[in-house]
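Accompanying notes for the structure given below.
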Amino acid sequence: MEVKKSPKADLEGKKTTWLLVGFVLILAAMFVAFEWTERDKQVTTDTGITEPIFEEEMIPITEQEEQKQAPPPPEAPKVEEVLQIAENDANVEESNIQSSEENNQAVEIKYVPVEVEEEEPEEQQIFQVVEEMPEFPGGMAECLKFIGKNIKYPTIAQENGVQGRVIIQFVVNQDGSIVDPVVMRSVDPYLDKEALRVIKMMPKWKPGKQRGKAVRVKYTVPVTFKLQ
């Protein structure tokens, strides 16, 4: 009896096919091997640490706008004056004025004198500064010599060691006489009294003049008390 083989179990028929497939795979592998070069290699050096990326913030340039001149404020509306008419309900006493012609009486006219304030005459006026100031006979140097010669240092002031400068103000009249001496700056009552005494003893001065005319002028003189 003959043994019959199944065509599916026959491996000899597919031998050629598998051989061709093997040649194709080998050629493909060789082609890939030849085409593989150094430039296709990539070396990865990534360590996993990423450097921070600083992005430069762009600050916009702000330009100041020109201030526009504000328009002037509107003018305030004019307030119209409103005249209020009072009601004629008030009780007003009427007075009748009779003329002198109706009464046949003469009209009396009285004169009322007008009070006029009299200005102080220039002769009585006291000046502070004039064109020609008063002058002691011989000048201020002689005035100081006169004071030093006639002054008497009060004993009580000497014992207490009191010294200083007393300022005396007085008025030089038109005739040069000295009147109304007063103490402007005091040091001691005894020194003040002695300074006034010496000023009153002074001879007549050369009077001050204003516009060529002798006038009354205030003058100030220092009297110095000094212990030796």
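Observations
- Residue pairs meeting the criteria (Cβ under 9 Å; at least 6 apart or on separate chains; first touching a residue at least 12 places away in the same chain (Cβ under 8 Å) and within 15 Å of Lys152 (Cα to Cα), in region 178-207; second in a loop (DSSP other than H, G, I, E, B) and among the basic types (Lys, Arg)): Glu194/Lys152; Val198/Lys152
- Among the residues making up region 179-228, a single one is of a type in the set (Gly, Ala, Ser) and in a helix (DSSP H, G or I): Ala195.
- Any hit, region 181-197, residues being surrounded by 13 or more Cβ atoms within 10 Å (Cβ to Cβ), of a type in the set (Phe, Trp, Tyr) and over 17 Å from Tyr219 (Cα atoms): yes
- In region 156-173, the residues that are surrounded by 15 or more Cβ atoms within 10 Å (Cβ to Cβ) and hydrophobic (A, V, I, L, M, F, W, C): Ala157, Val162, Val166, Ile167, Ile168, Phe170, Val171, Val172
- When Glu142 is tested against the conditions (1) at pLDDT below 75; (2) of a type in the set (Asp, Glu); (3) in a helix (DSSP H, G or I), the lone failure is (1).
- Identity of the residue in region 150-178, part of a strand (DSSP E or B), within 49 Å of the chain's Cα centre (by Cα) and not charged (D, E, K, R), that ends up nearest to Glu135 (Cα to Cα): Val172
The values are calculated or read from the model by the stated rules, or taken from the named source; none is laboratory data. Being a predicted model, the structure only gives us computed values, none of them experimental. FYI the Cβ positions are ideal-geometry reconstructions off the backbone, even for glycines, and counts take in every protein chain you see.
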